[in-house]
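Down below is the structure, laid out as structure tokens.
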Amino acid sequence: MTVSRNGAEQLVDTLLELDVDVCFANPGTSEMNFVAALDQRPEMRCVLALFEGVATGAADGYARMADKPAATLLHLGPGLANGLANLHNAKRARTPMINVIGDHSDDHLIYDAPLTSDIKSLATPMSHWFKRASSAQTMAADTAEAWQASMSLPGISSLVLPVDVAWTPADYTPITKPQLTAGKTVSADLIDQACKMLQKDVPTLILLGGRMARQKPLELIEKIAHKTGADILVETFIARMERGRGRPHVDKLPYPISMSLDVLKKYKQVLLVETMEPVAFFAYPNKPGKLLPEGCETLTLCGLEDDGLDALTRLADQLGADQTPDRDETPPKEPEDLNQPVTDAGVCALVAALMPENTIICSESVTSAGSFMAASRNSAAHDYIQLTGGAIGSGIPLALGAAIACPDRQVINLQADGSAMYTLQGLWSQANEKTRVTTIIFANAEYKILQGELQNLGINFYGDNARRMLTFNDPAPDWVGLAESLGVPAKRANTLAEFKELLLNSFKMDGPFLIEVCI
């Protein structure tokens with residue numbers, strides 16, 4: 001049935017028709033028609049973010065766990081710009097997302113009002129799809145196109161909603177849900193090449209990325225590796241990984257360049273599965289940009305546009321890889337002496353030993369949480385999501401979005417304090433939404449990772465100017481006070497025994513909790 005709806009109402013209606021039912025919002029004046037339209041549809045969950053970087057980061061965490069996009073609502077070009085860092089991370093994770101960006105009407109742009117900006121130039125580098133809506137008559141079709149692009153790529157769709165399009169009425173007929181493009185079938189010839197590679201008697205690595213760190217593809221790859229003697233690693237900054245007891249044990253390629261070079265130096269050939277050849281995160285003097293040893297042969301079995309699960313199934317069948325190897329699934333143990341002061345490794349060991357079944361781990365602590373992956377190999381089954389694009393400030397929003405996507409699951413955020421300062425406003429949203437998030441702040445009041453980067457560049461001694469840029473301990477942030485001021489109960493742990501008690505108590509709460517551990 002055709003009815004009259006303004007452009008903003010048609011946008012909301014169409015999003016709901018497409019099962020996009022969460023909107024992470026930081027609205028402004030130009031978006032008031034959209035706010036009013038959202039208010040008419042209570043089935044759309046609206047989550048207020050006090051900073052746009054929280055909105056985009058939360059939409060990233062939501063989609064990684066829900067496997068479908070959320071919408072964001074951003075206020076013109078400056079609001080979009082505030083969210084770009086976490087859009088960069090989401091783009092690297094290939095996260096489906098639909099950004100709704102308000103703007104002036106076309107006839108107002110000529111006046112160059114204070115908030116006028118080149119939204120297309122701001123949005124395009126962090127988007128896979130971009131469009132400016134031109135009329136209310138095409139609003140439903142534009143929204144469906146944005147959804148289809150986001151789900152098919154998958155990736156970031158950015159749709160600009162001019163205010164006059166938002167308020168203008170037009171005939172609205174509910175759309176037919178667009179068809180999604182199925183993953184391309186990998187050729188038989190490529191399967192043959194992969195078989196021949198894996199059957200060679202030389203050191204071989206299968207390197208995984210994208211969706212291949214989920215349980216089903218991991219089980220296939222585990223069988224293939226068991227049959228052929230190949231090793232398995234996951235790319236360093238994986239968007240989502242399913243781990244723990246009952247699942248294959250697979251490590252990540254380490255982040256520090258010296259460690260990654262050491263791990264990879266023995267391999268003569270590498271099969272790439274939904275990932276690219278590994279490269280150094282940064283350039284360093286006298287160190288290579290590509291991490292594989294010279295002369296190492298590579299073969300890409302499948303990319304993100306391919307049907308990777310089908311390719312692995314056919315590869316396993318062709319190899320006769322049908323046996324699952326025995327796994328050591330001894331649960332992790334707590335540290336023996338819990339009366340000792342908190343340490344990075346001790347905190348990670350306790351989280352690994354005590355996390356509930358089906359926990360979601362969000363990690364934005366490369367240095368302090370560096371021991372977590374090894375400690376949690378045999379933890380209760382869990383999902384692991386992390387910073388992907390290197391733009392810090394993702395952890396607190398990721399945890400917020402993951403908790404909204406999976407309200408019945410415990411979320412634990414392993415959070416560096418320097419990164420947390422970028423988006424601490426997300427704690428307020430966690431409190432406002434009553435999410436089950438335990439945030440663990442590794443509080444050392446310094447950018448520890450940057451101190452390591454100085455050493456990577458051969459700078460082992462530095463003075464006061466450098467030190468003042470790498471530490472923030474004068475004054476040091478009071479994380480208990482900050483969290484409580486934003487509505488999140490918080491405590492400080494000085495010993496591992498105190499940390500254990502606080503961690504277990506946090507799992508019993510109906511809302512968020514923050515634990516500050518002073519390292």
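Taken together, the values in this text are just the output of simple stated rules run on the coordinates, not laboratory data. No experiment lies behind these values; they were computed from the predicted model shown. Every residue, glycine among them, receives a Cβ derived from its backbone with ideal geometry; neighbour counts consider all protein chains shown.
Overall form of the range 52-100: prolate. Here a/c, set by the Cα gyration tensor axes a ≥ b ≥ c, is 1.5 or more, and a/b is the larger of a/b and b/c.
For L400, neighbours were defined as the other residues whose beta-carbon sits under 14 Å from its Cβ, and their charges (Lys and Arg +1, Asp and Glu -1) total +1. By the rule of a C-alpha distance below 25 Å, with chain neighbours fewer than 8 residues away ignored, the lysines paired with K68 are K91, K120, K131, K177, K184, K216, K434.
For the range 183-240, the relative contact order comes to 40 percent (Cα pairs under 8 Å, sequence separation of at least 6).
A protection proxy built from the mean count of other Cβ atoms within 10 Å ranks the segments 85-92, 73-80, 262-269, most packed first, as 85-92, 73-80, 262-269. The residue list T324, L427, A37 was ranked by how far each Cα lies along the charge dipole of the chain toward its positive end, using unit charges on Cβ atoms, and T324 comes out on top. When each of the peptides 197-207, 282-292 is scored by how many other beta carbons lie within 10 Å of its residues on average, the order from highest to lowest is 197-207, 282-292. A simple spin-label model places the labels of L450 and C195 5.4 nm from each other, with each point 7 Å out along Cα-to-Cβ. Summarised in one figure, the compactness ratio Rg/Rh of the range 3-172, Cα atoms and Kirkwood Rh, is 0.93. Remark: relative contact order (the range 3-172) = 30 percent; criterion is Cα-Cα distance under 8 angstrom and separation of 6 or more residues. Note on the chain: percent of Cα-Cα distances in each 20 Å bin, starting at 0 and stopping at the bin with the largest distance, equals 22, 51, 26, 1.
In this structure, N286 and E219 have a Cβ-Cβ separation that, at R0 = 60 Å, corresponds to a calculated FRET efficiency of about 0.90. Each part reduced to its alpha carbon centroid, the range 449-489 and the range 313-358 end up 31 Å apart.
Normalised by 2.2 N^0.38 Å, where N is the number of residues, the C-alpha radius of gyration of the range 122-239 stands at 1.62. When you restrict to C-alpha pairs under 8 Å that are six or more residues apart and normalise by the size of the range 344-518, the relative contact order lands at 22 percent. Counted by Cβ distance under 11 Å from D510, the other residues give a net charge of +3, where Lys and Arg count +1 and Asp and Glu count -1.
Scattering from the range 1-56 was approximated by placing one identical point on each alpha carbon and applying the Debye formula without solvent; log10 I(q)/I(0) at 0.17 1/Å stands at -0.55. Under the classification rounded if a/c is under 1.5, otherwise prolate if a/b is larger than b/c and oblate if not, where does the range 344-518 fall, given a ≥ b ≥ c as square roots of the Cα gyration tensor eigenvalues? Prolate is the answer for the range 344-518, as a/c is 1.5 or above and a/b outweighs b/c.
Find out how many positive minus negative residues lie around H226, taking Lys and Arg as positive, Asp and Glu as negative, among other residues whose Cβ is under 13 Å from that of H226.
In short, -2.
Remark: the T116-Q318 segment gains 66.8 nm on full extension, using 0.36 nm per residue and subtracting the alpha carbon distance. Quick one: check the C-alpha center-to-center distance for the range 198-265 versus the range 67-103, whole angstrom. Value for the Cα centre distance between the two parts: 30 Å. Computed from the alpha carbon atoms alone, the convex hull of the range 188-319 holds 105 Å³ per residue. Taking the Cα centre of the chain as reference, the dipole from Cβ charges on Lys and Arg (+1) and Asp and Glu (-1) amounts to some 920 debye. Packing around the peptides 42-48, 395-401, 445-451, taken as the average count of other Cβ atoms within 10 Å per residue, puts them in this order, highest first: 395-401, 445-451, 42-48.
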